[in-house]
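A.B. asks: Next up is a structure, given as structure tokens.
Read the figures in this text as sums done on the coordinates, not as results from a lab. If you're wondering where the values come from, they're calculated on a predicted model, not measured in any experiment. Cβ coordinates were reconstructed from backbone atoms using ideal geometry, including for glycine residues, and neighbour counts include every protein chain displayed.
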Amino acid sequence: MAAAKTNGTTTANPIEEATKKVTELNEAATQKLAAFAEQATQTLTEYTEQAKVTQKEQTLAAIDSYEQAVLALVDTYEKTAIEPKVELPDIAGATREITTAYTAAARQFVS
């Protein structure tokens with residue numbers, strides 16, 4: 001369509017003007033959406049890193065609690081067991097060594 005003449009002045013084709021305006025709006029919306037997506041990605045990345053750190057801390061705390069509980073149980077067993085005294089140091093010592101080795105390996109795996 002050619003330019004329309006109104007009151008002696010020439011105006012651009014209304015379809016071309018509308019197309020130009022829609023293109024400008026689409027470009028602006030695309031830029032805003034890209035900025036939003038970038039910000040959302042950055043925020044999610046930060047939350048993911050925070051979650052990893054928190055999970056690691058909680059896992060290490062659980063390992064520590066497990067080790068303390070088993071060692072306390074072994075101590076209690078040693079104190080309360082009456083017979084046979086000869087075997088107790090071996091069982092208690094072995095349990096301590098296994099627990100210490102197991103929890104050390106678990107800590108190393110988590111770290």
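A.B. asks: So for segment 12-110, taking the charge dipole from beta-carbon charges (+1 Lys/Arg, -1 Asp/Glu), which of Val70, Tyr102, Ala40 sits furthest toward the positive end?
C.D. replies: Final value for the positive-end residue is Ala40.
A.B. asks: Another one. Using 1/(1 + (r/R0)^6) with R0 = 41 angstrom and r between the beta carbons of Lys21 and Thr48, what's the FRET efficiency to the nearest 0.05? Show your work: numbers first, answer last.
C.D. replies: On the way: r = 40 Å, r/R0 = 0.98.
Calculated value: 0.50.
A.B. asks: Going by C-beta contacts inside 10 Å, put Val53, Val110 in order with the fewest on the left. Provide the component values of the computation, followed by the final result.
C.D. replies: On the way: Val53 10, Val110 14.
Fewest-to-most Cβ neighbours within 10 Å comes out as Val53, Val110.
A.B. asks: For a quick check: with amide H placed at 1.01 Å from N, whose amide H comes under 5 Å from Ala81's, ignoring anything fewer than 5 positions away on the same chain?
C.D. replies: none
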